Amino acid sequence: MAGPHRQGLNPPMPTTMLALVKPSAGPGLRLEERPIPEHGINDVLIRVERTGICGTDLHIDAWDAWAARTIVPPRIVGHEFAGRIVSVGSNVTDFTPGDLVSGEGHVVCGRCRHCLAGRRQLCASTIGLGVERDGAFAEYVALPMTNVWQHWPGIDEEIAAIFDPFGNAVHTALAFPVLGEDVLVSGAGPIGLMAIAVVRHAGARHIVVSEPNPGRRRLAEQMGATLTIDPRVRELADVFAELDMVEGFDVALEMSGNPTALRAAIAAMAHGGGVAILGIPTQEMVLDVNAIVFKMLTLRGIYGREMYETWYKMTVMLQSGLDIRPAITHRFSHRDHLAAFEVARSGDAAKVIMDWRAAGPDETGPGAARSDEGAGSQ
Ligand code: NAD
Ligand code: ZN
């Protein structure tokens, strides 16, 4: 890409920013001063206001085997965010400084068969924000304009910050028709929790949630679950009679990554059911293929979000009353990132938000002036 283009800036841009960085191979992240990213003629520069912590960020922080083979330090982490455009490249006409936006964290090649056909979520050359390129846990992030989603004025800005995982939830929840159906959600982490609200909004009959963590089961009830169970003490089939279910679940959303959960879901499916698999297991697993064959189940892997049909659906469902706010349980300043990561790691939280505005260089800019107006207003 050509050199940096910054337009419409007043007062002049600072040249450095704070960013949460994986400085070198090994555990831990550090808040460091870094140059503000340069951006090309097709890119935008965004002043990050709020970010969400994802399981991916916890893996990178902990430096597990996946992180060690995937991340090349130094790397700015993070991909769930909302912020305001501060500068646009000379080819960019759809965005203006001050616009509230989020980023699609999968940067696709744009040239492969699937990209050219408009199926960008199927691109095999995807680059991950905060994984393979510098991410959004920073005061500024640069992205191609084709990776930017503009929000409507008045959206709850904390919700805007979690459009990425909300999109995982929507993509999975809408993989099979749920109107009138009995739906199983395995795993009530932040994404499972949001998926419960989505399938409720989309007209499911019963939503049974399997989750060992009692705090998350309580949140699942708040999000609209019909019934929650602890899979360590109760079988899924036990609930059928109680809920007047004849045969089993019509749709299952696997959102735990746990092999036992996927096996239990397959065993509890009705004939012809659909199993959407978002959860990422850490190893290969054995499945009962006989059950899949004789029940004629459809198993479907889900990765990321459909670009940009999922983003459209997220927007219009929020505008028509979908409420995912209970999935956000904690808020921290970016300066308290250690505490924020600690809480996110604990399993007692659901979605944890870090606020990047405090003491930032553009506190008097458009972001600061409008930062609170959206609260609770969608
Ligand atoms: P999370 O780890 O916070 O949630 C998983 C939940 O599953 C936890 O609450 C855990 O208690 C529960 N669980 C564990 N064992 C279980 C069992 N046997 N039965 C039922 N529940 C069980 O994760 P999250 O952030 O909500 O993400 C959900 C999953 O989706 C994770 O596996 C994550 O890696 C994966 N993910 C996939 C994509 C994708 O694009 N495919 C994107 C983001 C996250
Ligand atoms: Zn591609």
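The values are calculated or read from the model by the stated rules, or taken from the named source; none is laboratory data. Here the structure is a predicted model, which is why all the values come from computation and not from measurement. Neighbour counts run over all protein chains shown; Cβ positions are idealised from the backbone, glycine included. Surface areas here come from the heavy atoms of the whole protein model, side chains and all, with no ligands, DNA or RNA. Shrake-Rupley method; radii C 1.70, N 1.55, O 1.52, S 1.80 Å.
If you take the residues in region 112-125 that are outside any helix (DSSP H, G or I) and within 6 Å of ligand 2 (Cβ to nearest atom), which one is most open to solvent (accessible area, probe 1.4 Å)? Give the steps one after another, and end with the answer.
Step one: list which residues in region 112-125 are outside any helix (DSSP H, G or I), which gives 112, 117-119, 123-125.
Still in the running and within 6 Å of ligand 2 (Cβ to nearest atom): 112, 123, 125.
Values: Cys112: 36, Cys123: 12, Ser125: 66 Å².
If we take residues in region 112-125 being outside any helix (DSSP H, G or I) and within 6 Å of ligand 2 (Cβ to nearest atom), then Ser125 is most open to solvent (accessible area, probe 1.4 Å).
Here Arg84, Arg69, Arg47 are screened, and the one residue that is open to solvent by 20 Å² or more (accessible area, probe 1.4 Å), outside any loop (DSSP other than H, G, I, E, B) and of a type outside the set (Gly, Ala, Ser) is Arg69.
Each residue in region 159-195 was checked for being within 13 Å of Gly279 (Cβ to Cβ), in a loop (DSSP other than H, G, I, E, B) and of a type in the set (A, V, I, L, M), and 1 of them qualify. Checked against the criterion of being in contact (Cβ under 8 Å) with a residue 12 or more places away in the chain, away from ligand 1 (no atom under 11 Å from the Cβ) and over 28 Å from Gly118 (Cα atoms), region 167-181 contains one or more residues that satisfy it.
Among all residues of region 61-76, there is none that is on the phi > 0 side of the Ramachandran plot, in contact (Cβ under 8 Å) with a residue 40 or more places away in the chain and within 14 Å of ligand 1 (Cβ to nearest atom). Quickly run through region 227-249 and pick out the residues that are open to solvent by less than 50 Å² (accessible area, probe 1.4 Å) and either more than 13 Å from ligand 1 (Cβ to nearest atom) or touching an Asp or Glu at 6+ places or on another chain (Cβ under 8 Å) (or both). Correct list: Leu227, Thr228, Ile229, Asp230, Val239, Phe240, Leu243, Met245, Gly248, Phe249. For region 196-219, the count of residues that are under 26 Å from Val352 (Cα atoms), open to solvent by 20 Å² or more (accessible area, probe 1.4 Å) and without any contact (Cβ under 8 Å) to a residue 12 or more places away in the chain is nonzero. Region 232-301 holds strands (runs of 3 or more DSSP E) entirely within its bounds, and those carrying 3 or more residues that are more than 16 Å from ligand 2 (Cβ to nearest atom) and hydrophobic (A, V, I, L, M, F, W, C) map to 249-254, 269-277. Go through the residues of region 353-374 one by one and say whether even a single one is more than 19 Å from Leu18 (Cβ to Cβ), at pLDDT 95 or above and part of a loop (DSSP other than H, G, I, E, B). No, because not a single residue in region 353-374 is more than 19 Å from Leu18 (Cβ to Cβ), at pLDDT 95 or above and part of a loop (DSSP other than H, G, I, E, B). Applying the set (1) at pLDDT below 95; (2) farther than 30 Å from Pro177 by Cα; (3) surrounded by 15 or more Cβ atoms within 10 Å (Cβ to Cβ) to Phe341 leaves exactly one unmet item: (1). A search for C-beta distances below 9 Å between a residue of region 329-348 that is within 20 Å of Met17 (Cβ to Cβ) and any residue that is crowded, with 17+ Cβ neighbours inside 10 Å and of a type in the set (Lys, Arg), counting only pairs 6+ apart in sequence or on different chains, returns Ser333/Arg357; His334/Arg357.
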